[in-house]
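No lab work stands behind these numbers, since they all come straight from the coordinates. Quick caveat: nothing in here was measured; it's all calculated off a predicted structure. Here the Cβ positions follow ideal geometry from the backbone for every residue, glycine too, while neighbour counts run over all protein chains shown.
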Amino acid sequence: MCGIVGAVGQRDITPILLEGLKRLEYRGYDSCGVAIHADGALKRARSTQRVAELVEQVQAEGIQGYTGIAHTRWATHGAPATHNAHPHFSGKGGAARIALVHNGIIENHDELRAELTDVGYVFESQTDTEVIAHLVDHLYNGDLFEALQQAVRRLQGAYAIAVFCRDEPHRVVGARQGSPLVVGLGEGENFLASDALALAGTTDQIIYLEDGDVVDLQLARVWVVNAQGQPVEHEVHTVHLHTAAADLGPYRHYMQKEIFEQPRAVGDTLQDIETITPELFGDAAYKVFNEIDSVLILACGTSYYAGLTARYWIESIAKLPVNVEIASEYRYRESVPNPRTLVVTISQSGETADTLAALKHARSMSMEHTLTICNVATSAMVRECKLHYITRAGVEIGVASTKAFTTQLTALCLLTLALAQVKGRSTDAMEEQLLKNLRHLPAAIGAVLALEPQIIGWAERFASKEHALFLGRGMHYPIALEGALKLKEISYIHAEAYPAGELKHGPLALVTEAMPVVTIAPNDELLEKLKSNMQEVRARGGELYVFADSDTRIGSSEGMHVIRMPENYGKLSPILHTIPLQLLAYHTAVARGTDVDKPRNLAKSVTVE
């Protein structure tokens, strides 16, 4: 989502700020900007184009200096426009004194706006961020650190803030509440960022700020206080950062590259595991797993669909009841807590605001058995949970998740086996077979990727459509949901997914020859039921596009287009059936000419509610 980079140094830090923005482009944004302390004044450049255009603007205007902040914005308050882009300035009398950037949402901005207007501040934007800038300026009395501490006490909502002042060179101050912010340590220079990735190549010494922290960055020191104003010391982590500006190689887009990286990503996530043990999830896992009698999964978007798939696995193999909740809904409804529940969060970034809030809500109800499946080992989610499993997807640049999803499913399968083992619900033979299938999974995914040429043919037909229906049954229904999400995310075709048995309960009314119906047809116990549902579509003139296991005896005919999957994969079939749906969405988007890696209105890491 929005990205922050800040720096104080004894060299021109403008290139560091701009390079940091480039590394955060994958998160999604609709405007960007930079502000620099230069020659005793504040200078600023902002753009509603890509960061590359901002770089040209900065170079053309000769903007450089030793202190500054930069930002990529994903619009919440106010349209994507230059006057709404960050950084925002404040200062009475016409001369800007305060420069500020902000991620998050300030819920009481209207109240604060009215107060500040009454004391003479003029607003140039519709953003909640400008309110913070004017508030800091209003409270400023020679000490920016003190002014920000006073300001955040007035703020309601979520925020990560970076601010500097014309009157205090070589100083940047920041604050965090509900939105990620990290400090990077250097020699005679220090940095601030919303994502450690922004500092790749600049420093590998990282401090992760906690909610309520306010930080003071100067040339020779970093000072942190908590919400009560008391000094705190956080551990310094050595983080081996990798730039997001990866080589595309033979691929046209990062999404395509990441789809084809899945054999490697799944293999890395399995980590050459020889045997299943609870300790894969942490030293205390056996004790925790032994004490729980149910599972609650909290997630959003694609991660939520991974959780829905895991419910089928955990209930059928480990025999534990599972509830899967959309994180943004869970925390706002009355639920019945069970202290013997294992609360599992799933997040690619580990910073997803809704999921973090839902986790804290569960813990507030004495549900302390927590585990996260996450792709970022240093994230807030990992720090908040007792247990964790780190997927090895690597940096995912495309906004539409692909390899993060399949590695999440891989980790959830391992969790299922570990729970079954502790609860005495698995046998050696079953565990050995599933582990064998997991080890073979990278090769099996590779075989599915070889279907790409056939899928391209389908995508050319889909490109002219405006609606599509996805069908699945049992544990493949969540995969249908994920397939529909991918298509709508990047091709902008309206797509919905249903359990195939629900067709006659309403969706069948939508079926015409103009609406393709994508069907996932594994050879499982529901196959014959699924075939009946497919005939319901054909009887109404619908066009079926079926991904069928090779032994299903489903063949192509008029109105029935079939691509055969290389092999039936039993319990792990959902992972394999995910791949062709990703390819279908990708090639349909390419055929329609959309911005595949940065689809409109979307962000990679959702750090606001």
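Straight Cα distances below 17 angstrom link Lys319 to the aspartates and glutamates Glu291, Asp293, Asp428, Glu431, with same-chain residues fewer than 8 positions distant left out. This structure gives Rg and Dmax of the Cα atoms in Å, computed directly, and of [x] 31.5, 109; [y] 23.6, 73; [z] 25.5, 79 that value is listed as [z].
Qualifying GluC sites (Glu not before Pro) in the range 411-475, where qualification requires a DSSP coil assignment and no more than 16 other C-beta atoms within 10 Å, comprise Glu466.
For the chain, the antiparallel share of DSSP beta bridges with both residues in that region comes to about 60%.
Database remark: amide H of Gly157 closer than 5 angstrom to the amide H of Glu107 (H placed geometrically; neighbours at sequence offset of 5 or more, or on other chains; Pro and chain starts carry no H). Between the range 70-120 and the range 431-505, how far is it from one alpha carbon centroid to the other, in angstrom? Answer, in whole Å: 43.
Sorting Thr391, Thr48 from the fewest to the most surrounding beta carbons within 10 angstrom yields Thr48, Thr391.
Straight Cα distances below 13 angstrom link Lys386 to the aspartates and glutamates Glu279, Asp283, Glu368, with same-chain residues fewer than 8 positions distant left out. Sparsely packed loop sites in the range 307-392 (the trypsin sites (Lys or Arg not before Pro) outside DSSP H, G, I, E and B with at most 12 other Cβ atoms within 10 Å) comprise Arg333, Arg340.
Every helix of 4 or more DSSP H residues in the chain counts as -39500 (n - 2.57), and over all residues that averages to -10500 deg cm²/dmol at 222 nm. Taking packing as the residue-averaged number of other Cβ atoms within 10 angstrom, the listed peptides 556-567, 475-486, 80-91 run from highest to lowest as 475-486, 80-91, 556-567. Amide H contacts for Leu342 (H built 1.01 Å from N in the peptide plane; partners 5 or more residues away or on another chain; cut-off under 5 Å): Asp293, Ser294, Val295, Leu296. Ordering Ser557, Val517, Leu342 by the projection of their Cα atoms onto the charge dipole of the chain, which places +1 on the Cβ of Lys and Arg and -1 on the Cβ of Asp and Glu, puts Ser557 at the extreme positive end. For the listed residue pairs Lys360/Lys486; Lys257/Lys436; Lys488/Lys531; Lys423/Lys571, the alpha carbons are over 22 angstrom apart in Lys360/Lys486; Lys257/Lys436; Lys488/Lys531. Partners of Lys43 within straight-line reach, counting lysines whose Cα lies under 28 Å from its Cα and excluding those fewer than 8 residues away in the same chain: Lys22, Lys92. When each of Lys287, Lys465 is scored by the number of other beta-carbon atoms lying within 10 Å, the sequence from fewest to most is Lys287, Lys465.
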